[in-house]
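Participant: Have a look at this one before I ask anything.
The values are calculated or read from the model by the stated rules, or taken from the named source; none is laboratory data. The shown structure was predicted, so the numbers you read here are calculated from the model rather than taken from an experiment. Quick reminder, even Gly has a Cβ in these numbers, built from the backbone with ideal geometry, and neighbours come from all protein chains shown. With ligands, DNA and RNA removed, areas are computed over all heavy atoms of the protein, side chains included. Shrake-Rupley method; radii C 1.70, N 1.55, O 1.52, S 1.80 Å.
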Amino acid sequence: MKLARVVVVVLTIVALGLASRLELSNDLTTLFPRTPQAAVLARVTRAFGGGDVALVLVRGEDPAGVERAAEAAAEELRACAAVAGAITSAPAPSALDPTEAWRFAGPVARERLARAVTEEGMRERLRETRSLLLAPGASGVAETLARDPLRLAMIPWEDRIEVAAGVRGSIGDPAGAFVSGDGRARLVVVEPRGRAFDAGEAARFTDEAEAALSRARERAPGVTLDLTGGHVVARQTEALVRSDLVKSGALSVVLASIVFALTFRRVRALAAVLPPLAVGTLWTTALAALLYPRLSGIATAFAAVVVGVGVDTGVHVYGRLLRARREGLLPGAAADVARRETWRPTLGAALAAGGAFGCLVLSDVEGMRQLGVLCAAGEVLTALAILVVVPELGALLERGAPPARPRASWIVALTRTRGRASAALAALVVALAVSAWMGPPRIEHGVAMLDGRTLPALATYDAIYATFGGARGQLVVVSADRDPARARARADAVAEAAERLAAGGTITGFDALARLAPSPEVQRARLAERDQLDLPSRRGMLLHVLAEEGFAVEELTPALEAFAHPSRDVGDVLAADGVALAWLRRRHLAEDGGETLAVTYVRAAPDAVDTVRRTLEGADPSAVVTGFADLERGLVATLARDLPRVLAGALGIVVLVLGASLRRPSRVALAVGVLAVEIALVLALSRLLAVRWHVYDALVLPVLLGITLDEVLFLLEAAERRSIDEAITEQAPLGTATALTTAAGFGALVVCRFGPLADVGKVGAIGSTVGILVAFVLIPAAYRLAGRRSTRA
């Protein structure tokens, strides 16, 4: 044992250094299923930095005060090192030759342009131009209108352009840019530096931006400024997960400690169990740091689960030590007996539970695979630490008189007679029938249940959508190509199709690179379409209409010359410098794996998603159309594949461990029966108690097999050595304690604000409690009805 103690000390010292390196991931792609659409969405999420431009929602009662506050916020944000730029209105186009308007015109705008150069269209627009010139303050636009009296250059921008996350702005119209209809809400669009998935960069941007907004609030009292965006969501998500890990881990220790102390009626027992439990958890944390550079949010559940489940070993080892002391053995001898008689069932149960957890590696969800590996390792590592340390510490603590043996008369009484045993079995049969009649609980298929109640940044998004229109959730169309020009041209074709869908009301909106920066290839195609109208032949018509409408023709020579010699200039808007376009590149273009990803975001009406998808795929057959709706469908398919595989793997491991430990088919069958009844009752209770189920919860079911097997093995081992009454009397307090500590480990997760963790906790707590109750009823009842007082009888 001296060598074992040395190994424990050395491993603990090494683990202390490794565990400090563990980083938590704010990347929710680890919860995505393994489907083509999910893979593309994960690729987009990572390539674009895990977020979008940041947005500041400015709200107040006074429109003028809101405008001043928005400008003050933009000014303060531009001074931040973590901010590349901030704008309060969409970028205005540079002065264009009116015949270049076709370069930026989508299909609807090109139809308007074609009408604008007819005689009737010219008259309509010239009359509108006259009204503009007669309006107060028109001197500022007079020069522009002299070059373009038909205002052709403004036609592509007459509709409000979506620029990010459904935010719309009027190009070239500062008074209407990023502002609500009543003027009491405005938006500031911010370009952060760095990637949202880099924890340090996300934190740096969020902290600096919040400090800047604090200064802006001082300059604009009575106005609220709320920050959101990919970096902010990432920072808040990481803080949420870290907080959940600390709270659930601490609560798990407290609850498990209370149960342990009550079981043995002495607080000193905690001094023997908590140190090795902490050591086992530390070893597991170090392993997590070695295996995973960034730990998935759901995988952080390993700490609470390892604590709750790991205490099981301590309960049985310490319980056997106390029994040996009651039998008159000295502390040292009692420690040897405890280790010798508990190591086989303890390690067998730990390996079975670890194996069941390990079967989660068969899942197509990366986060669940991480959780399975860490819980499996934690089970075994904690069991080893407790077997080495607890007997040694227990021998030091239990030098005095041992406590009286805990009583469990009510559990023995449940099946004391054959009649009671028959009634108990009948009750289980009825429960199984009710479970089959009720059916399984409803599975919710969302990827991760984060919303405005858990993250303030998402609440701000909701407020933006409520004020400016739109909703969370959109289709993401990904045009990937090794040739950047071809990727952009394909994305522009998608934008053309989306604009037609928007004009017909099939989609509620879209934002695409082509709205502000179409590719040169597409610009040339649009100019070719313009040339089909033969503008030089319409110069005379324009001259005639200008004269009839009362315009001074001699002052409009630039406009007439433009018609006579239409521009054929083509340029790449994105090649220009400036903050105004940097965010546009950031949102729609990225490099990944040697390819350029050009992305278009489309918000489809709920009842038209399939039609929209077909139309967009027709515009670019090589594009992948994905979105969170695809993830939900993928999770349904993943569950259908994962659950049978994981359940079959867990059952296989359980049967192997049972066969090796029990060595009798009848006892193996009895143990399997306990596990089957447990799962059926968990499903029924979950439905009865309206426990919200998630895909991740369903995958915890096989894990419950390994956990319950712990108590089944100890009870059957005890029944092998003595009568069933004595076995129940000995094991009931210990089994109850282990079940409750396991339930505490899972139940501690309900304090988590990260939805999947809380749901896993509820299902695990119900399962561990139900499992021990079924074991204490079914196994004694079977022994009574078989007419056997012990397995030796």
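Residue by residue, here is whether (1) acidic (Asp, Glu); (2) open to solvent by 30 Å² or more (accessible area, probe 1.4 Å); (3) at pLDDT 85 or above holds:
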position	(1), (2), (3)
GLU632	yes, yes, no
ALA637	no, yes, no
PRO644	no, yes, no
LEU656	no, yes, no
GLY673	no, no, yes
VAL677	no, no, yes
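Participant: Residues of the range 687-727 being at pLDDT below 75 and in a loop (DSSP other than H, G, I, E, B), which ones?
Facilitator: ARG692, LEU699, VAL700
Participant: Next up: Do you know which residues across the range 246-273 are in a helix (DSSP H, G or I), among the aliphatic types (A, V, I, L, M) and surrounded by fewer than 24 Cβ atoms within 10 Å (Cβ to Cβ)?
Facilitator: Result: VAL246, ALA250, LEU251, VAL253, VAL254, LEU255, ILE258, VAL259, ALA261, LEU262, LEU270, ALA271.
Participant: If the Cβ limit is 6 Å and pairs must be 6+ apart or interchain, which residue in the range 1-16 that is within 9 Å of TRP283 (Cβ to Cβ) pairs with which residue that is small (Gly, Ala, Ser)?
Facilitator: Taking only residues 6 or more apart or on different chains, the pairs are ALA15/ALA286.
Participant: Filter the range 227-245 for residues that are among the small types (Gly, Ala, Ser) and surrounded by fewer than 21 Cβ atoms within 10 Å (Cβ to Cβ); which is nearest to LEU270 (Cα to Cα)?
Facilitator: SER243
Participant: If we scan the range 607-625, do we find a residue that is open to solvent by 20 Å² or more (accessible area, probe 1.4 Å), farther than 21 Å from PRO518 by Cβ, modelled with pLDDT of 90 or more and part of a loop (DSSP other than H, G, I, E, B)?
Facilitator: no
Participant: Can THR506 be described as in contact (Cβ under 8 Å) with a residue 60 or more places away in the chain and open to solvent by 20 Å² or more (accessible area, probe 1.4 Å)?
Facilitator: yes
Participant: May I pose another question? Look through the range 1-15, keep the residues that are in contact with a Phe, Trp or Tyr (Cβ under 8 Å, 6 or more places away or on another chain) and closer than 18 Å to LEU393 by Cβ, and return whichever of them is least open to solvent (accessible area, probe 1.4 Å).
Facilitator: Across the range 1-15, the extreme among qualifying residues is THR12.
Participant: Any idea which of ALA590, ALA525, ALA512 is farther than 17 Å from ASP148 by Cβ and open to solvent by 20 Å² or more (accessible area, probe 1.4 Å)?
Facilitator: Step by step, each of ALA590, ALA525, ALA512 is checked, and only ALA525 is farther than 17 Å from ASP148 by Cβ and open to solvent by 20 Å² or more (accessible area, probe 1.4 Å).
Participant: Next question. How many residues does the range 201-225 hold that are open to solvent by less than 50 Å² (accessible area, probe 1.4 Å) and outside any helix (DSSP H, G or I)?
Facilitator: Qualifying residue count for the region: 3.
Participant: Write out, first by first residue and then by second, each pair whose Cβ atoms fall under 7 Å of each other, whose residues are 6+ apart or on separate chains, and whose first residue, in the range 249-262, is within 13 Å of LEU274 (Cα to Cα) and without any contact (Cβ under 8 Å) to a residue 60 or more places away in the chain while the second is open to solvent by less than 50 Å² (accessible area, probe 1.4 Å) and not small (Gly, Ala, Ser).
Facilitator: Here the result reads VAL253/VAL307; SER257/LEU270; ALA261/LEU270, each pair linking the range 249-262 to a residue that is open to solvent by less than 50 Å² (accessible area, probe 1.4 Å) and not small (Gly, Ala, Ser).
Participant: Can I ask one more? For the list (1) more than 30 Å from ARG663 (Cα to Cα); (2) modelled with pLDDT of 85 or more, I need the number of the one condition that VAL317 fails.
Facilitator: If we test VAL317 against (1) more than 30 Å from ARG663 (Cα to Cα); (2) modelled with pLDDT of 85 or more, just (1) comes out false.
Participant: I've got another one for you. How many residues does the range 548-566 hold that are open to solvent by 60 Å² or more (accessible area, probe 1.4 Å) and either of a type in the set (Gly, Ala, Ser) or not in a helix (DSSP H, G or I) (or both)?
Facilitator: Qualifying residue count, the range 548-566: 2.
Participant: Just for the range 715-763: of the residues that are more than 28 Å from LEU670 (Cβ to Cβ) and among the charged types (D, E, K, R), which one is surrounded by the most Cβ atoms within 10 Å (Cβ to Cβ)?
Facilitator: My answer is ASP759.
Participant: Could I ask something else about it? Working carefully through the options LEU560, LEU543, LEU535, find the one that is touching a residue at least 24 places away in the same chain (Cβ under 8 Å) and among the aliphatic types (A, V, I, L, M).
Facilitator: The conditions single out LEU535.
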